[in-house]
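Visitor: Could you have a look at this structure, given as structure tokens, before my questions?
The values are calculated or read from the model by the stated rules, or taken from the named source; none is laboratory data. These figures come from a predicted structure and were not determined experimentally. Neighbour counts are summed over all protein chains in view; Cβ atoms, including those assigned to glycine, are modelled from backbone coordinates with ideal geometry.
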């Protein structure tokens, strides 16, 4: 009997149907002499602390650090029955084929099962990137000895053990020192550095002090039409910015309407834009967030559902390339998609024969373990749920775009001089759309600045040396903008840059931070909470460091490639775990709530400002000081950093998202008026206006 074990029931049934007509049994199916069974993801996990030592059940300094000499496995309670079925089938099997997901976690799932049942005979590995019948039958002819993936298995187990050591010990240590009853502080090897990235961005935004500047823009009239130029100064980084209004006014006085000018230089350059590569998981998650506002987890869930329906290939990949063998299947994939009217015209425009050369890189696919996300060529049997349709559309259009001709843009740069004042004009004109015709325009879901206007197109007939005339000129008052809030797309990009997590784990890491209330989502933005900000004041810098965790992830990748052993890595992790526990124990034993006052109360000058469920208030309220800053002002929730700015006597940077009583949104700065003990709006240089909190506004209605 040949026993094939898949990671989940749906894949097991796909394999069975590819082999013939399956006969169902309790926990497995049979097709002829083949038996196909399944796991439910992980059936076994690393044992809990008390399973190594009964005294480790208590959260106590005497038990830390917990460093098992040898890690043990324990069945997940809900999976015991299926584990028993698998154990019986494996003992009866003459040959074993492993068909768990083709990645690090898939290998870990299988190796733990093999260890638990004490499997003696060698197994073969089925590396299945697509679940179509043809792909399954082809993969069954390309089996490799499972021993070829020993390095991947060692990396998977080393990752799990490292997370156990750091996560459990650090969580217990810092919770014992700073947590409150029933509210442990969750600390992790990857989640904490990810939180650090988010908090750093929030801090940069909240402490940002905008700098005003001015621009002088001139509309020039030429024989071929009008165009706009912006004055250029000596600052090499921002030549269009004038630091003071007097200088801007002096420039403007030199270029009154009717002033003659000349086009001193004119450069037109045709730029070729190559088609994009194919999607990795990180890429499609970023694009789905940018276009549709989907979170990383929502995109992964949709991509997994498409994979389960045989519509797209395996989603958990960080490769943007395909192999030469897969390149040979592209024509059939496109042919299958011709059945969908939405893509018929685009598919007809793809040049034949196909030229996928840029997309083919067997070496990079081998290093990643998977090729890029592709449509299989099968089409949905009915209407897909919205998110699945959105992700399916992205994947299909990306493949079509990658196979289409390059695009060309004409980029024009003009320098016009009027009364010895230089003005620069830039513009881009699409000459050949090329692959861009395959892509849908991005919906305009972002907030736009009122003064961000698209300049008119540059006339085609302008010539260098041509005489022009100033038609009109004006000054625009602007100010520097704070960095943008992080979104799933930009956070994933930073996690990838720092090597935090893997394509399979990044979405889950972000969701864990949300679930533990260290960060929160506000529309597309991801922002840290007071709880998340406070946590980072407690844990050592090394545990927060994206660079250090990135180094660990790189070591795991090297381990998976057979370039590094697990023993040295885990030895370093054990030593580091002891250092974390020692650091936690050395800190003052106070609770988070009591430790992290935002500062002295600015009214009574005795108490301290602390977070409350509804805002921030003086902790001497029992003694009569009722000073409070409410959490919400005109419909906008304040952050801890903004409140710190107010308490320090400073005006915040300009904040967006306030709502007037009529429902209109507006932007303003905030200032704490100690005479009235109220937060007030500041509109540029206008008099300060009292800002009603939501509680006060509700009372006035």
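Visitor: For the subset of the stretch 251-265 comprising residues that are more than 45 Å from the chain's Cα centre (by Cα) and assigned to a strand (DSSP E or B), which member is surrounded by the fewest Cβ atoms within 10 Å (Cβ to Cβ)?
Guide: Looking at the filtered set, the residue picked out is 260.
Visitor: In this structure, is residue 30 part of a strand (DSSP E or B) and in contact with a strand residue (DSSP E or B) (Cβ under 8 Å, 6 or more places away or on another chain)? Talk me through it step by step, then tell me what you get.
Guide: Working: part of a strand (DSSP E or B): yes; in contact with a strand residue (DSSP E or B) (Cβ under 8 Å, 6 or more places away or on another chain): yes.
In short, yes.
Visitor: Would you be able to say whether some residue in the stretch 241-250 is in a strand (DSSP E or B), under 29 Å from residue 464 (Cβ atoms) and in contact (Cβ under 8 Å) with a residue 24 or more places away in the chain?
Guide: Yes: the stretch 241-250 contains one or more residues that are in a strand (DSSP E or B), under 29 Å from residue 464 (Cβ atoms) and in contact (Cβ under 8 Å) with a residue 24 or more places away in the chain.
Visitor: Select from the stretch 309-335 the residues that are outside any loop (DSSP other than H, G, I, E, B) and free of Cβ contacts under 8 Å to residues at least 24 places away in the same chain and write down the one among them that is surrounded by the most Cβ atoms within 10 Å (Cβ to Cβ).
Guide: That would be 331.
Visitor: Looking at (1) within 13 Å of the chain's Cα centre (by Cα); (2) assigned to a loop (DSSP other than H, G, I, E, B), can you tell me which one residue 513 breaks?
Guide: (2)
Visitor: Which helices (runs of 4 or more DSSP H) does the stretch 517-562 wholly contain that include 1 or more residues that are modelled with pLDDT under 85 and touching a strand residue (DSSP E or B) at 6+ places or on another chain (Cβ under 9 Å)?
Guide: 530-536
Visitor: Condition check: over 25 Å from residue 302 (Cα atoms) and modelled with pLDDT under 95. Does residue 357 satisfy that?
Guide: yes
Visitor: For residues in the stretch 615-637 being in contact (Cβ under 8 Å) with a residue 24 or more places away in the chain and assigned to a loop (DSSP other than H, G, I, E, B), which is nearest to residue 672 (Cα to Cα)?
Guide: Checked the stretch 615-637; the qualifying residue nearest to residue 672 (Cα to Cα) is 627.
Visitor: Looking only at the stretch 26-41, which residues are within 25 Å of residue 115 (Cβ to Cβ) and surrounded by fewer than 16 Cβ atoms within 10 Å (Cβ to Cβ)?
Guide: Within the stretch 26-41, 26, 40, 41 qualify.
Visitor: Go through the residues of the stretch 430-445 one by one and say whether even a single one is under 32 Å from the mean Cα position of the chain (by Cα), in a strand (DSSP E or B) and modelled with pLDDT under 95.
Guide: Just the residues of the stretch 430-445 that are under 32 Å from the mean Cα position of the chain (by Cα), to begin with: 430, 433-445.
Keeping just the survivors that are in a strand (DSSP E or B) gives 430.
Those left that are additionally modelled with pLDDT under 95: 430.
Yes, the stretch 430-445 has at least one match.
Visitor: Same structure again: Of all residues in the stretch 1-21, how many are in contact with a helix residue (DSSP H, G or I) (Cβ under 9 Å, 6 or more places away or on another chain) and either assigned to a strand (DSSP E or B) or surrounded by 18 or more Cβ atoms within 10 Å (Cβ to Cβ) (or both)?
Guide: The number of residues fulfilling the criteria is 10.
Conditions (1) touching a residue at least 40 places away in the same chain (Cβ under 8 Å); (2) more than 19 Å from residue 7 (Cβ to Cβ); (3) touching a strand residue (DSSP E or B) at 6+ places or on another chain (Cβ under 9 Å); (4) not in a loop (DSSP other than H, G, I, E, B), marked per residue:
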residue: 97; (1), (2), (3), (4): yes, no, yes, yes
residue: 102; (1), (2), (3), (4): yes, no, yes, no
residue: 115; (1), (2), (3), (4): yes, no, yes, yes
residue: 161; (1), (2), (3), (4): yes, yes, yes, yes
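Visitor: Across the stretch 33-59, what is the total count of residues that are closer than 17 Å to residue 111 by Cα and either without any contact (Cβ under 8 Å) to a residue 40 or more places away in the chain or not in a loop (DSSP other than H, G, I, E, B) (or both)?
Guide: Let us first name the residues in the stretch 33-59 that are closer than 17 Å to residue 111 by Cα, namely 37-47.
Now narrow it down to the ones that are either without any contact (Cβ under 8 Å) to a residue 40 or more places away in the chain or not in a loop (DSSP other than H, G, I, E, B) (or both): 37-38, 44-47.
Counting residues in the stretch 33-59 that are closer than 17 Å to residue 111 by Cα and either without any contact (Cβ under 8 Å) to a residue 40 or more places away in the chain or not in a loop (DSSP other than H, G, I, E, B) (or both) gives 6.
Visitor: Okay, moving on. With (1) surrounded by 19 or more Cβ atoms within 10 Å (Cβ to Cβ); (2) more than 27 Å from the chain's Cα centre (by Cα); (3) in the same structural domain as residue 565 (by TED's automatic domain parsing) as the list, and residue 183 as the residue in question, which single condition is left unmet?
Guide: (1)
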